[in-house]
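Notes for the one structure printed next.
The values are calculated or read from the model by the stated rules, or taken from the named source; none is laboratory data. Not measured: the values here are computed from a predicted model. Here the Cβ is made from the backbone with ideal geometry for all residues, glycine too, and neighbour counts use every protein chain on show.
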Amino acid sequence: MRCWFSARIRALVLVEGLGTVNGYDSIFVFRMDNDDPDVAKHRAIAIAREKLERSFVNMDGGRTRWCVSRVLTLDVLRTEDLDAVEVWQEGITPSVLEQFAFDAEFDPMAEPTDNSGVDPLRLGDDEPTPETK
C-alpha cells in the first residue's frame, strides 16, 4: 500500500562558541510503499538532512551549521490525492487582540498573509550551492 506521510522536523542553527542561535520547524510530505512508522521516520530524517543540513562560515566569521535535531511529528496521510489534505494543525491560545463575540464575521481575504519561510529556491531538486552545503 502506497502512503503519504507528513513529518514536522526541527532544525537548529549552531555557531561555534555560541551554540544554538536559532531554530526552524519544517514540514515535509513524502510517499512510501508501506505505512511502517519506523521506516517512515528514517526516511523523514534522511529527507530533512538532505534538504536542511549545511555548514558554512557566517558573515561574522563564525563556523555555522544547520542540523536536524528532532522529528516532532510523523503522520500517515492515508490517501492517494493530496489536494486539500490538512498536513498540520496547531492549537493556539488567542491573545487579547483575538477575542471576538460568538457572532463575529471574518473576512480572511482582507487580512495580510505571511510567507511560511520556505525558500522557493529549495523547493526543486537543484544541487545546493557551495555556500549552502
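Selection over the range 1-29 of residues that are free of Cβ contacts under 8 Å to residues at least 24 places away in the same chain and surrounded by 15 or more Cβ atoms within 10 Å (Cβ to Cβ) gives a count of 1.
Answer yes if at least one residue in the range 73-96 is at pLDDT below 95, touching a helix residue (DSSP H, G or I) at 6+ places or on another chain (Cβ under 8 Å) and not basic (K, R), and no otherwise. Yes, because at least one residue in the range 73-96 is at pLDDT below 95, touching a helix residue (DSSP H, G or I) at 6+ places or on another chain (Cβ under 8 Å) and not basic (K, R). Could you check, for the range 9-29, whether at least one of its residues is acidic (D, E) and either in a strand (DSSP E or B) or closer than 25 Å to E90 by Cβ (or both)? Scanning the range 9-29 turns up at least one residue that is acidic (D, E) and either in a strand (DSSP E or B) or closer than 25 Å to E90 by Cβ (or both). Within the set of pairs 6 or more residues apart or between chains, which connect a residue that is surrounded by 14 or more Cβ atoms within 10 Å (Cβ to Cβ) inside the range 30-48 to a residue that is in a loop (DSSP other than H, G, I, E, B) and not β-branched (V, I, T) with Cβ atoms less than 8 Å apart? What qualifies is M32/R2; D35/M1; D35/R78.
Collect the residues in the range 36-84 that are of a type in the set (D, E) and assigned to a loop (DSSP other than H, G, I, E, B), keeping them in residue-number order.
Of the range 36-84, the ones of a type in the set (D, E) are 36, 38, 50, 53, 60, 75, 80-81, 83.
Matches in the range 36-84: D36, E53, D60, E80, D81, D83.
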